[in-house]
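Engineer: After the structure tokens below, expect a handful of questions from me.
The values are calculated or read from the model by the stated rules, or taken from the named source; none is laboratory data. Since the model is a prediction, treat every value here as computed from it, not as a measurement. Quick reminder, even Gly has a Cβ in these numbers, built from the backbone with ideal geometry, and neighbours come from all protein chains shown.
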Amino acid sequence: MEKFCEDIEQMLVDYADEQLSPTDSNKVTAHLAKCENCRKLHNGLQKSLELAGVIWADSLAETENIHIPAIKTRKSRWPRYVAIAASILLVATASVVWHTLSRPKASELTFAEIERKIAESGSAARLLTATELLADVPDARSIVDQQYRYIVETYPETAAATKAKLRIK
């Protein structure tokens with residue numbers, strides 16, 4: 001992740017709350033227009049803030065319906081607990097979103113890449129078989145070694161390259 005993205009991420013909460021100066025707000029807006037990762041993080045943060053607002057509003061509505069008898073002098077702690085729960089939910093959601101977006105993505109193979117790897121493995125295996133047949137010919141040792149090296153260099157991730165490495169003299 002770029003250093004500039006890290007700076008923007010530091011400002012996203014204030015940006016979502018509209019607490020940034022106009023200069024910083026413009027800088028974040030311009031960056032979000034260009035950077036998909038920061039935009040995803042901002043959208044996740046917005047959703048978390050909206051969810052926390054809904055939870056807060058719902059909890060306040062519930063506390064308005066509570067009738068405390070005049071005998072009780074103890075103040076209800078329910079809104080405080082709701083605020084704490086909403087804060088924990090907000091932090092947990094923001095953390096999950098941040099970890100999801102900042103984590104390097106696992107290498108996902110496309111169908112074309114899988115197809116290419118299969119073709120490379122097949123080519124390497126055919127070339128190895130031809131080279132092994134050529135190895136039986138007297139006076140062809142230099143060509144055979146050259147072919148083994150070619151297989152190792154051209155198709156390094158194949159089983160044929162592994163076998164060719166073992167046969168290089």
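Engineer: Can you say whether LEU90 is at pLDDT 85 or above, in the same structural domain as VAL13 (by TED's automatic domain parsing) and surrounded by 10 or more Cβ atoms within 10 Å (Cβ to Cβ), as far as the supplied structure shows? Step through it out loud before you land on a result.
Structural biologist: Working: at pLDDT 85 or above: yes; in the same structural domain as VAL13 (by TED's automatic domain parsing): yes; surrounded by 10 or more Cβ atoms within 10 Å (Cβ to Cβ): yes.
It is true that LEU90 is at pLDDT 85 or above, in the same structural domain as VAL13 (by TED's automatic domain parsing) and surrounded by 10 or more Cβ atoms within 10 Å (Cβ to Cβ).
Engineer: While we're here: Taking the condition among the hydrophobic types (A, V, I, L, M, F, W, C) and at pLDDT 85 or above, does ALA16 pass? Walk me through it before giving the result.
Structural biologist: Working: among the hydrophobic types (A, V, I, L, M, F, W, C): yes; at pLDDT 85 or above: no.
Answer is no for this residue.
Engineer: Follow-up question, since we're still on this one. When the residues of the range 125-153 are narrowed to those that are of a type in the set (S, T, N, Q) and exposed (fewer than 15 other Cβ atoms within 10 Å of the Cβ), which ends up farthest from GLU115 (Cα to Cα)?
Structural biologist: First, the residues of the range 125-153 that are of a type in the set (S, T, N, Q): 129, 131, 142, 146-147.
Among the residues that remain, those that are also exposed (fewer than 15 other Cβ atoms within 10 Å of the Cβ) are: 129, 142, 146.
On the way: THR129: 21, SER142: 33, GLN146: 27 Å.
Per the criteria, the residue is SER142.
Engineer: Scan the range 1-43 residue by residue and report those that are exposed (fewer than 14 other Cβ atoms within 10 Å of the Cβ), part of a helix (DSSP H, G or I) and touching a residue at least 24 places away in the same chain (Cβ under 8 Å).
Structural biologist: PHE4
Engineer: In the list ILE84, ILE151, which residue meets the criterion of being of a type in the set (A, V, I, L, M) and not assigned by TED's automatic domain parsing to the domain that holds CYS38? Even if it seems obvious, please write down each step before you answer.
Structural biologist: Values: ILE84 fails: not assigned by TED's automatic domain parsing to the domain that holds CYS38.
The conditions single out ILE151.
Engineer: Among the numbered criteria (1) exposed (fewer than 13 other Cβ atoms within 10 Å of the Cβ); (2) closer than 30 Å to HIS42 by Cβ; (3) under 29 Å from the mean Cα position of the chain (by Cα); (4) modelled with pLDDT under 85, which single criterion is violated by PHE111?
Structural biologist: (2)
Engineer: Going through the range 124-155 one residue at a time, which ones are under 34 Å from the mean Cα position of the chain (by Cα) and over 12 Å from ILE168 (Cβ atoms)? I'd like the intermediate steps shown before the answer.
Structural biologist: Restricting attention to the range 124-155, the residues satisfying the condition of being under 34 Å from the mean Cα position of the chain (by Cα) are 124, 152-155.
Within the range 124-155, ALA124, THR154, TYR155 qualify.
Engineer: Scan the range 25-45 for residues that are of a type in the set (A, V, I, L, M) and over 19 Å from the mean Cα position of the chain (by Cα) and jot them down. Break it down into steps so the answer makes sense when it comes.
Structural biologist: So the first thing to find is which residues in the range 25-45 are of a type in the set (A, V, I, L, M), and the list is 28, 30, 32-33, 41, 45.
The answer is VAL28, ALA30, ALA33.
Engineer: Also: On the given criteria, is LEU45 at pLDDT 75 or above, closer than 20 Å to ALA16 by Cβ and in contact with a Leu (Cβ under 9 Å, 6 or more places away or on another chain)? Before the answer, list the steps.
Structural biologist: Details: at pLDDT 75 or above: yes; closer than 20 Å to ALA16 by Cβ: yes; in contact with a Leu (Cβ under 9 Å, 6 or more places away or on another chain): yes.
Against the criterion (at pLDDT 75 or above, closer than 20 Å to ALA16 by Cβ and in contact with a Leu (Cβ under 9 Å, 6 or more places away or on another chain)), LEU45 qualifies.
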